[in-house]
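S.K.: Below is the structure I would like to discuss, written out as structure tokens.
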Amino acid sequence: VNVSTLIDEVIREARSHGDDAMRIERDVKSDADLLGVERELHSALANLAINAIKYTPQDGRIKIRWYVDTRGGHLEVEDTGIGIAKEHLSRLTERFYRVDKSRVRGAGGTGLGLAIVKHALQRHDATLQIDSKPGRGSCFSCHFPPERVSGTAGLIAKSSAAPSLSTVD
């Protein structure tokens with residue numbers, strides 16, 4: 001799967017769910033591809049991007065980042081949204097779990113998005129990590145093992161080390 005193309009597709013789709021004032025940035029630091037099922041990876045990334053839009057103020061910023069280092073490939077969706085309290089982080093990937101329905105901008109949802117993300121990542125031997133602070137935003141990181149990374153960039157570090165994040169199983 002060409003990750004750069006995947007990110008471009010998801011950004012186009014996400015913009016149709018958002019507001020013109022919201023910035024969606026692209027930060028691709030590697031030309032490496034991922035070995036996997038494109039439809040499932042698209043679904044995971046699209047769910048993360050659409051969630052970022054739902055929980056980010058209209059004048060906020062969302063960044064979708066891809067980089068590769070010796071630990072593997074890392075796909076992140078970071079936002080300047082409302083953030084999530086620490087006590088909710090471990091339950092976010094449970095089916096139908098919602099932090100607070102009244103705080104969602106626009107149409108709600110079923111509470112299945114992050115469960116779909118978790119399942120798709122598991123099928124790709126990847127993990128989801130979430131770093132979030134109420135009032136400051138969130139960063140959802142998908143970490144793929146080195147054997148899932150393909151292409152000329154392979155295992156060459158293309159960016160600085162990733163921040164330490166809390167793992168959600």
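S.K.: Take the conditions open to solvent by 10 Å² or more (accessible area, probe 1.4 Å) and over 26 Å from Lys133 (Cβ atoms) and apply them to Val68. Does it pass? Steps first, answer last, please.
M.R.: Working: open to solvent by 10 Å² or more (accessible area, probe 1.4 Å): no; over 26 Å from Lys133 (Cβ atoms): yes.
In short, no.
S.K.: Looking only at segment 72-88, decide whether some residue is surrounded by fewer than 22 Cβ atoms within 10 Å (Cβ to Cβ), over 17 Å from Leu6 (Cα atoms) and modelled with pLDDT of 90 or more.
M.R.: yes
S.K.: So Asn2 fits all but one of (1) surrounded by fewer than 16 Cβ atoms within 10 Å (Cβ to Cβ); (2) over 21 Å from His124 (Cβ atoms); (3) in contact with a helix residue (DSSP H, G or I) (Cβ under 9 Å, 6 or more places away or on another chain); what number is the exception?
M.R.: Here Asn2 meets the rest and fails (2).
S.K.: Here's something else I'd like to know. Select from segment 118-169 the residues that are assigned to a loop (DSSP other than H, G, I, E, B), modelled with pLDDT of 95 or more and open to solvent by less than 80 Å² (accessible area, probe 1.4 Å) and list them in ascending order.
M.R.: His124, Ala126, Pro145
S.K.: Could you please find all residues in segment 44-63 being at pLDDT 95 or above and surrounded by fewer than 19 Cβ atoms within 10 Å (Cβ to Cβ)?
M.R.: Within segment 44-63, just Lys63 meets the criteria.
S.K.: It is to be established whether one or more residues within segment 47-67 are of a type in the set (Ser, Thr, Tyr) and in a helix (DSSP H, G or I).
M.R.: Checked segment 47-67: no residue is of a type in the set (Ser, Thr, Tyr) and in a helix (DSSP H, G or I).
S.K.: Continuing with the same structure: All but one of (1) over 14 Å from the mean Cα position of the chain (by Cα); (2) open to solvent by less than 50 Å² (accessible area, probe 1.4 Å) hold for Ile24, so report the exception by its number.
M.R.: (1) is the only condition that Ile24 fails.
The values are calculated or read from the model by the stated rules, or taken from the named source; none is laboratory data. This one's a predicted model, so the numbers in the text were calculated from it and none came from an experiment. We place every Cβ from the backbone using ideal geometry, glycine too, and count neighbours over all the protein chains shown. Surface areas here come from the heavy atoms of the whole protein model, side chains and all, with no ligands, DNA or RNA. Shrake-Rupley method; radii C 1.70, N 1.55, O 1.52, S 1.80 Å.
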